[in-house]
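> The structure that follows is given in the form of structure tokens.
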Amino acid sequence: MYDPQPSASHYIDGAYVEDNTGTPIPVIYPATGEVIATLHAATPAVIDAALAAAEIAQKQWARVTPRERGRVLTRAAQIMRARNRELSVLETRDTGKPLQETLVADATSGADALEYFGGVANGLTGEHIPLGDDWVYTIREALGVCVGIGAWNYPTQIACWKAAPALACGNAMVFKPSETTPLCALKIAEILTEAGAPAGLFNVVQGMGAVGAALVTDPRVAKVSLTGSVPTGRKVYAAAAEQMKHVTMELGGKSPLVIFDDADLDNAVGGAINGNFYSSGQVCSNGTRVFVQKGIKEVFLARLAERLKNAVIGDPLDEATSFGPMVSDRQMQIVQGYIEKGKAEGARLVSGGGRVDRDGFYLEPTVFADVTDDMTIAREEIFGPVMAVLDFDTEAEAIARANATEYGLSAGVFTRDLSRGHRVIGQLRAGSCFINSYNDAPVEAPFGGVKASGVGRENSKAALDHWSQLKSVYVRMGDVEAAF
Ligand code: NDP
């Protein structure tokens with residue numbers, strides 16, 4: 001077993017850095033509750049060193065050809081793939097997510113992003129706009145020093161989804177992981193250095209919200225990309241706006257999954273399971289409001305209950321385990337509070353609802369039926385393994401109710417009628433949508449939300465617009481005409 005304790009808390013200017021005067025951050029393995037590492041929050045001196053290193057590295061890196069920048073990212077992707085098991089074990093210990101998941105969804109997804117943007121870097125060109133004798137050309141420029149701030153559910157993936165396009169475009173980054181899962185981003189920094197990234201290009205500083213806030217408000221920072229909750233998003237967006245910084249906000253959701261009575265039942269149940277119980281439900285895009293057309297409601301619930309019996313709840317490091325603990329005691333308690341509210345407000349508990357009888361922060365996969373739109377569990381993001389099943393009669397009703405939320409991250413539809421599938425998805429107000437599937441997130445597809453769920457897009461070519469800016473240059477070939 002690899003020792004999860006890093007040699008120091010931060011990674012700055014190409015090397016591990018410690019400052020023991022920072023507030024201690026214990027790293028707790030969610031499957032047992034034991035402390036597996038202790039890090040320290042960044043002090044002002046550490047934050048300053050990271051930003052200073054990034055500023056120097058960025059100026060040099062922006063002058064490197066996009067092809068060479070891409071080569072570094074591609075090499076980093078190869079190293080990540082070669083070390084997938086080691087990185088996956090670390091991700092499992094950091095988050096508690098089953099190794100069965102982390103082996104295929106975390107370092108691999110991070111490597112996909114590095115590989116994709118490593119390739120896309122070659123296409124970072126401007127355009128030529130002819131204007132008769134004159135012309136305009138555009139230059140796609142880096143933004144400068146960018147800050148990434150991560151949530152705790154996908155620490156490796158979030159770091160890579162931000163770093164890969166940022167670095168491809170010629171920026172440098174200072175990344176702050178969630179204090180709950182501080183370990184994985186350090187490995188990304190190590191790997192980028194090994195792949196040839198110059199010192200200071202990708203730095204990791206640890207800490208709570210205050211460290212994030214210090215980074216966001218520093219005048220050396222040109223852009224902030226946050227993955228987190230809506231309340232944090234509001235604060236960070238407002239702070240960034242003070243200095244007119246660029247932002248990307250990947251925030252929470254309460255996404256609808258609409259299942260029509262002509263849907264393939266097993267596929268729909270599978271989609272609902274993927275959209276509620278993967279990573280113990282700690283996924284921003286989850287389809288936690290499952291609208292099931294009345295005709296198939298009971299058969300859907302019966303099939304779901306059968307399939308839930310197949311969940312293997314246990315030691316996340318055992319590859320047979322398919323359902324692990326919540327990330328922390330605190331998150332478990334938040335989710336338990338929602339389960340109690342669901343019961344108190346009259347929802348019908350169909351499955352789960354309690355703790356699993358073992359050490360660690362385990363909750364059973366939980367399903368409520370007969371949920372109504374006004375119930376707390378249908379309105380608020382729970383971020384745990386709690387599915388709310390609501391029933392509906394007509395397509396128009398399902399669309400109206402699905403859209404009646406402040407969020408707009410994702411939406412899904414299950415139906416055999418493909419015209420209806422496209423028609424309904426076209427009317428659902430969400431950024432990342434699915435027809436007869438749920439929660440796929442290939443790097444080729446833009447990812448992000450509308451309404452309170454966020455601003456900007458990660459992944460795909462669309463991300464380049466959020467990590468670069470265009471300079472336009474008007475070139476006059478003749479004489480300048482002036483009024484006097
Ligand atoms: P939080 O919003 O609590 O925290 C997100 C990050 O922001 C953490 O690193 C946190 O630090 C930091 N932070 C907190 N306050 C500030 C501040 N004032 N200034 C700068 N940074 C700050 O989210 P969670 O970590 O609890 O993650 C869960 C949330 O993330 C859910 O709402 C989920 O939907 C969302 N999410 C969205 C995704 C998306 O792509 N749309 C993907 C994954 C999750 P610390 O926690 O260390 O104090």
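> Going by what's in this entry, would Y11 be described as surrounded by 23 or more Cβ atoms within 10 Å (Cβ to Cβ), on the phi < 0 side of the Ramachandran plot and assigned to a strand (DSSP E or B)?
Criteria met by Y11.
> Within the stretch 357-373, is there a residue that is surrounded by fewer than 17 Cβ atoms within 10 Å (Cβ to Cβ) and in a helix (DSSP H, G or I)?
Scanning the stretch 357-373, I find no residue that is surrounded by fewer than 17 Cβ atoms within 10 Å (Cβ to Cβ) and in a helix (DSSP H, G or I), so the answer is no.
> Also, quick follow-up: How about the stretch 14-35: which of its residues are buried (at least 17 other Cβ atoms within 10 Å of the Cβ), hydrophobic (A, V, I, L, M, F, W, C) and touching a strand residue (DSSP E or B) at 6+ places or on another chain (Cβ under 7 Å)?
V17, I25, V27, I28
> Within the stretch 249-283, track down each residue that is within 14 Å of the ligand (Cβ to nearest atom), farther than 20 Å from L428 by Cα and in a helix (DSSP H, G or I).
Of everything in the stretch 249-283, those that are within 14 Å of the ligand (Cβ to nearest atom), farther than 20 Å from L428 by Cα and in a helix (DSSP H, G or I) turn out to be Y278, S279, S280, G281.
> Next up: With the checklist (1) near the ligand (Cβ under 10 Å from one of its atoms); (2) crowded, with 24+ Cβ neighbours inside 10 Å; (3) over 12 Å from A41 (Cβ atoms) in hand, flag the one item F202 doesn't pass.
(1)
> So, in the stretch 223-238, of the ones that are surrounded by fewer than 18 Cβ atoms within 10 Å (Cβ to Cβ) and among the small types (G, A, S), which residue ends up farthest from the ligand (Cβ to nearest atom)?
Applying the first criterion (surrounded by fewer than 18 Cβ atoms within 10 Å (Cβ to Cβ)) to the stretch 223-238 yields 229, 231, 234-235, 238.
Imposing the further condition that a residue be among the small types (G, A, S) reduces the set to 229, 238.
Numbers: S229: 3, A238: 10 Å.
The residue in question is A238.
> Pairs please, first residue from the stretch 260-283 and of a type in the set (V, I, T), second anywhere and part of a loop (DSSP other than H, G, I, E, B), Cβ atoms under 7 Å, 6+ apart in sequence or on different chains.
From residues that are of a type in the set (V, I, T), the pairs are V283/N153; V283/N439.
> Within the stretch 162-179, how many residues turn out to be farther than 20 Å from A121 by Cα and in contact with a helix residue (DSSP H, G or I) (Cβ under 8 Å, 6 or more places away or on another chain)?
The first filter runs over the stretch 162-179 and keeps only residues farther than 20 Å from A121 by Cα, leaving 174-179.
With in contact with a helix residue (DSSP H, G or I) (Cβ under 8 Å, 6 or more places away or on another chain) added as a condition, the list becomes 174-178.
Result for the stretch 162-179: 5.
> Show me the strands (runs of 3 or more DSSP E) found entirely inside the stretch 95-150 where at least 2 residues are closer than 14 Å to W161 by Cα.
Once the strands (runs of 3 or more DSSP E) in the stretch 95-150 are filtered for at least 2 residues that are closer than 14 Å to W161 by Cα, what remains is 145-149.
> Right, something else. Quick one: in the stretch 284-324, which of the residues that are of a type outside the set (S, T, N, Q) and within 16 Å of the ligand (Cβ to nearest atom) is nearest to the chain's Cα centre (by Cα)?
Top of the filtered list is C284.
> For a quick check of your reading of the model, give me the residue pairs whose first member lies in the stretch 146-167 and is at pLDDT below 95, whose second is within 13 Å of the ligand (Cβ to nearest atom) and in a helix (DSSP H, G or I), with beta-carbon atoms closer than 7 Å and at least 6 apart or on different chains.
none
> Restricting to the stretch 66-87, give me the number of residues that are crowded, with 24+ Cβ neighbours inside 10 Å and within 30 Å of G360 (Cα to Cα).
Count: 2.
> Quick one: is V174 outside any helix (DSSP H, G or I) and near the ligand (Cβ under 9 Å from one of its atoms)?
No: the conditions fail for V174.
> Let me ask something else. Which condition number does R420 fail, the rest of (1) surrounded by fewer than 24 Cβ atoms within 10 Å (Cβ to Cβ); (2) closer than 26 Å to R307 by Cα being met?
With (1) surrounded by fewer than 24 Cβ atoms within 10 Å (Cβ to Cβ); (2) closer than 26 Å to R307 by Cα applied to R420, the lone miss is (2).
> Further question on the same structure: State all residues of the stretch 426-455 that are part of a helix (DSSP H, G or I), surrounded by fewer than 18 Cβ atoms within 10 Å (Cβ to Cβ) and among the hydroxyl-bearing types (S, T, Y); if no residue qualifies, say none.
If the condition is that a residue be part of a helix (DSSP H, G or I), surrounded by fewer than 18 Cβ atoms within 10 Å (Cβ to Cβ) and among the hydroxyl-bearing types (S, T, Y), then no residue fits.
> Then there is this: Identify the residue in the stretch 131-177 that is small (G, A, S) and under 12 Å from the mean Cα position of the chain (by Cα) and, among all such residues, is nearest to A240 (Cα to Cα).
Of everything passing the filter in the stretch 131-177, G148 is nearest to A240 (Cα to Cα).
> In addition: Would it be correct to say that A268 is touching a strand residue (DSSP E or B) at 6+ places or on another chain (Cβ under 9 Å), buried (at least 23 other Cβ atoms within 10 Å of the Cβ) and either of a type in the set (D, E) or at negative phi (or both)?
yes
The values are calculated or read from the model by the stated rules, or taken from the named source; none is laboratory data. All of these numbers come straight from a predicted model, not from anything done at the bench. Counting neighbours? That spans all protein chains shown, and the Cβs are built from the backbone with ideal geometry, glycine included.
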